[in-house]
Amino acid sequence: MDYEVTELSYHAKEIVQVAKGLGLDFYPVHFEVCPPEALYSFGAYGMPVRFTHWSFGKAFYRMKMQYDLNLTRIYELVINSNPAYAFLLEGNRLIQNKLVIGHVYAHVDFFKNNRYFQRTPQDMVVRMEAHARRIREYELEYGRETVEKMLDAVLAIQEHVDFRAHLGKKKEDNASSGKNIGNGKKKHIPSSEYADLWDDEPDQENEEKVAEEDLLLYLITYSPTLKDWQRDIISMIREESLYFYPQIETKIINEGWATFWHSRIMRELNLTDAESMDFAIMHSQVVQPSGLQLNPYYLGVKIWEDLAKRFDSETLFEIREMENDVSFIRNYLNQELVHDLNLFNYRKVGAHWQVMDTAWEKVRDNLVRQLVNGGHPRILVRDGDYEGKGGLYLYHVHEGMDLDVVYLEKTLLLLESLWGKGAYLETIVDGKQVLFECSNQGISRKNITLYN
């Protein structure tokens, strides 16, 4: 193992020089070699250290089973921090690790320079370790089952944060002032380590935006029943969701960028004929299109390769800095690429899948529509005192796709437990405006006219 680490260190230094020579700009990276169980545990939890929850264990066993059956294989995991951390799979061959190391440096270049990561804390590993410790303390004080139920409820809505909060210039950390942002009495907000994501003195427009967009912040501020420790848990989950959100909405462009550059880096190395053949096989496996779902590596690298034919490196770095998946595909997935990649719209009709459209603009726009808001439904807070009874009224911004009613109803029950009073959600089901009502842990629904 010592020899393997020494050899990897030597090649990593070589790859650093090549990557920098090609123009990549990245944080220092610490590499570690991990056994499969550790790497898949990190993948399931999203971090080397995080609070425990049954959903992470479920994800781990699913990943581990796929690895054991040789269905999928994670070669590396990279953590966005400064310095960055990369974990390599024990048992990788040297040529595999060379490719992975080049891939990692391109990822870290993207993390460092893309505008959607500019407010991401660079010490998130330390922060998540602190979160895990605090949640464990709450388990000891209030009981593991009580805390787990709280986590169940918050994790069910964890993606409903203000997805624009991470945009903008980096700011020094400062304490949140806990402003009143909606209908109701202001509640105490526990000290948040992500306080730098909103201004100390927000204007009215920003207050209204946060009130509408950020369900977790609204619950922290206005839930009439939550205790301080429960608000603290929501605050921690919100902070972690904001950390992961840029990665969700840049999956295609980021993986494409890393794949594009690992290919260029490998071509600059002095590989043997056997290594060159192994690399070609590995690279083709990474970008192989899937018959079941869109491969982000495949689509992303094909767009980057097309851009490299039309623009110089400076322009590529500018695109890397400014775009997320939605704008990247909207701006650069053109007619020729849609045709060459054999992309089309399809849906299930009866028991069979049918191609519905091959027009390139409709294919592009349908793909963009699926990526808006990180692929999550957009839910707005409309009223914190519905009908004067203290109910929480939410509105689903319907963008052509109905919500999963079973998941909706189960989530609304959990939301009622967080709010402490009735929870309501307005949406569209089968073309009809519907209001789901949750009160006293019972669910009902009715057709309605538009909310006024």
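The values are calculated or read from the model by the stated rules, or taken from the named source; none is laboratory data. On a predicted model such as this, the values are computed, not experimentally measured, just so you know. When we count neighbours, we look across all protein chains shown, and the Cβ atoms used for this are built from the backbone with ideal geometry, even at glycine. The area values use the complete protein model at the heavy-atom level, side chains included, leaving out ligands, DNA and RNA. Shrake-Rupley method; radii C 1.70, N 1.55, O 1.52, S 1.80 Å.
For the reader, a short list of remarks on this structure follows.
- Note on segment 354-375: residues that are surrounded by fewer than 16 Cβ atoms within 10 Å (Cβ to Cβ) and either outside any helix (DSSP H, G or I) or of a type in the set (Gly, Ala, Ser) (or both) total 7.
- Segment 379-423, residues that are free of Cβ contacts under 8 Å to residues at least 40 places away in the same chain and farther than 19 Å from Ile443 by Cβ: Gly388, Val397, His398, Glu399, Gly400, Met401
- Being at pLDDT 85 or above and surrounded by fewer than 21 Cβ atoms within 10 Å (Cβ to Cβ) is a property that Arg73 lacks.
- All positions within segment 399-452 that are open to solvent by 60 Å² or more (accessible area, probe 1.4 Å), closer than 27 Å to Val372 by Cα and of a type in the set (Gly, Ala, Ser): Gly400, Gly431
- Ser327 meets the conditions (1) more than 23 Å from the chain's Cα centre (by Cα); (2) over 15 Å from Phe110 (Cα atoms) in every case but one. The failed one is (1).
- Filtering segment 317-325 for residues that are free of Cβ contacts under 8 Å to residues at least 40 places away in the same chain and surrounded by 15 or more Cβ atoms within 10 Å (Cβ to Cβ) leaves a non-empty set.
- Matching residues in segment 114-138 - criterion: being open to solvent by less than 20 Å² (accessible area, probe 1.4 Å) and charged (D, E, K, R): Arg127
- Within segment 287-309, the set of residues being modelled with pLDDT under 95 and either open to solvent by 70 Å² or more (accessible area, probe 1.4 Å) or farther than 16 Å from Arg364 by Cα (or both) comprises Val287, Gln288, Pro289, Ser290, Gly291, Leu292, Gln293, Leu294, Tyr297.
Results for (1) buried (at least 18 other Cβ atoms within 10 Å of the Cβ); (2) farther than 30 Å from Thr52 by Cβ; (3) within 16 Å of the chain's Cα centre (by Cα); (4) at pLDDT 90 or above, shown as yes or no for each residue.
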position	(1), (2), (3), (4)
Tyr194	yes, no, no, no
Leu197	yes, no, no, no
Asp200	no, yes, no, no
Leu215	yes, no, no, yes
Leu226	yes, no, no, yes
Arg238	yes, no, yes, yes
Ser241	yes, no, yes, yes
His262	yes, yes, no, yes
Met266	yes, yes, no, yes
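- Verdict on Lys209 being modelled with pLDDT under 95 and either within 26 Å of Asp109 (Cα to Cα) or open to solvent by 10 Å² or more (accessible area, probe 1.4 Å) (or both): yes
- Members of segment 376-398 that are assigned to a strand (DSSP E or B) and open to solvent by 60 Å² or more (accessible area, probe 1.4 Å): Arg378, Arg382, Asp385
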